[in-house]
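Following: one structure in structure tokens, then a few remarks.
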Amino acid sequence: MSERTIRLHAFCSVKGGVGKSTLATACAKLLAKGGRVPVLVDCDLTGTSLADGLRLRAPAVTLLDDGSINLEAPPTGQFLSVEETRARRGRRRDALRGDGQKWKDKPLPPPYFNDPLNYAFLTGQPARVDALLWRHERDDRVLYLPSSSTHDDVIQSVEWFFGQPFDWARSFAWTLDGLAHQVPALTDVVVDLPPGIWGFPHEALVLVSTLLLGEPMPDDYPPWHAGPVRWAPNPFLVTSRDPNDILPALEYVARQRARVPSLKPVVNRDTEGLNALRAMARARVGPLLEAAGLHETLERVAEMSGLARLFWNGDVAVDGEHREEFREVTRTLRLEDEP
């Protein structure tokens, strides 16, 4: 079997609210606009969801006799309307509120990233992730796997923070492995990680470093080093221009430089210009980081009217009146590079 290359675009941040999800969504849309086949995986399981902001249509999934999702069934090829998707989300929320323990391992529709992640944790193998992918109402050629912002789903997800180290990363790797084998046309996976540089985000970057360095995966992970799929990571640390954000971001990049040399700090919604950002960072990073030249690795995405309206309008076009704005985003996110 010939080797396939799938690019893994990972977006993390020191804190929330810096536009990480916006850039991840723009990345997926730009990839699709360029003719690639991306899946946007919403890994932020801490209380937000891409499904809350984007006008997404959930798949019509196969159900078991008790009404829960059959996570082993193939895709039905059918999708709900935005209105029916929202109604199903409300019913899942109400069911969890009434008897959350009953449905803890038997999720009700619509499916979220939480569900195949839990399935992989319990079984050590991927669910039929291809049956759980959502689409945008406008058919932007991006496949979506949003997380759930429902309180009981979030509570269950937070338990992962207190489990064994790398429980998240292992289940995440098996879920990605399912995507790679179940979606033959897949070219890119865009990952929107939770805010913070500890726990799952750090574990995900350790996984990225393993792929970048060509090291074998642990025994209980998918054997990517020996399989037909080659994963090519493209990682970013998104920050605001606030020095309280940039400085810890640069320190983290410095600490991970040997293991994740391509981790790129990106200042989002910048209004001052790259030279001003680098000068500010140079004056504050301290002698060791200044000598390492990390302030010179900063890149920027200017404040953009199109991106600013993404979650208010439930969509954004990457062509038309915003075409010029997105050229800079394409360059900054290294989307023109060959894997």
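Worth a mention:
- Residues in region 27-42 that are within 12 Å of Val191 (Cα to Cα) and in contact with a helix residue (DSSP H, G or I) (Cβ under 7 Å, 6 or more places away or on another chain): Pro38, Val39, Leu40, Asp42.
- Taken over region 4-42, the criterion of being surrounded by 24 or more Cβ atoms within 10 Å (Cβ to Cβ), among the basic types (Lys, Arg) and out of contact with any strand residue (DSSP E or B) (no Cβ under 6 Å at 6 or more places or on another chain) is satisfied by Lys29 alone.
- Sub-7 Å Cβ pairs linking a first residue in region 281-293 that is closer than 18 Å to Asn244 by Cα to a second residue that is modelled with pLDDT under 75 and part of a helix (DSSP H, G or I), at least 6 apart or interchain, are Ala281/His295; Arg282/Glu290; Arg282/His295; Val285/Leu294; Val285/His295, ordered by first then second residue.
- Taken over region 9-39, residues that are more than 21 Å from Thr239 (Cβ to Cβ) and not β-branched (Val, Ile, Thr) amount to 8.
- Applying the condition of being without any contact (Cβ under 8 Å) to a residue 40 or more places away in the chain and in a helix (DSSP H, G or I) to region 202-250 and asking which residue is surrounded by the most Cβ atoms within 10 Å (Cβ to Cβ) yields Leu207.
- Tally of residues being under 18 Å from Phe166 (Cβ atoms) and either touching a Leu at 6+ places or on another chain (Cβ under 9 Å) or of a type in the set (Gly, Ala, Ser) (or both) across region 124-139: 2
- Considering region 253-297, and only residues there that are charged (D, E, K, R), part of a helix (DSSP H, G or I) and farther than 26 Å from Asp337 by Cβ, the residue that is modelled with the highest pLDDT turns out to be Arg282.
- Members of region 1-50 that are of a type in the set (Lys, Arg) and closer than 19 Å to Thr175 by Cα: Arg4, Arg7
- Put simply, of Leu186, Leu179 the only residue that is modelled with pLDDT of 95 or more and in contact with an Asp or Glu (Cβ under 8 Å, 6 or more places away or on another chain) is Leu179.
- Every residue from region 119-156 that is under 17 Å from the mean Cα position of the chain (by Cα), modelled with pLDDT under 95 and assigned to a helix (DSSP H, G or I): Val154
- Region 43-80, subset of a type in the set (S, T, N, Q) and under 18 Å from the mean Cα position of the chain (by Cα), residue surrounded by the most Cβ atoms within 10 Å (Cβ to Cβ): Ser49
- Arg241 within 16 Å of Leu23 (Cα to Cα) and either aromatic (Phe, Trp, Tyr) or in contact with a helix residue (DSSP H, G or I) (Cβ under 8 Å, 6 or more places away or on another chain) (or both): yes
- When Glu159 is tested against (1) surrounded by fewer than 20 Cβ atoms within 10 Å (Cβ to Cβ); (2) in contact (Cβ under 8 Å) with a residue 40 or more places away in the chain, only condition (2) is not met.
The values are calculated or read from the model by the stated rules, or taken from the named source; none is laboratory data. This is a predicted model, so every value here is computed, not measured. No Cβ is skipped: glycine too gets one built from the backbone with ideal geometry, and neighbour counts run over all protein chains shown.
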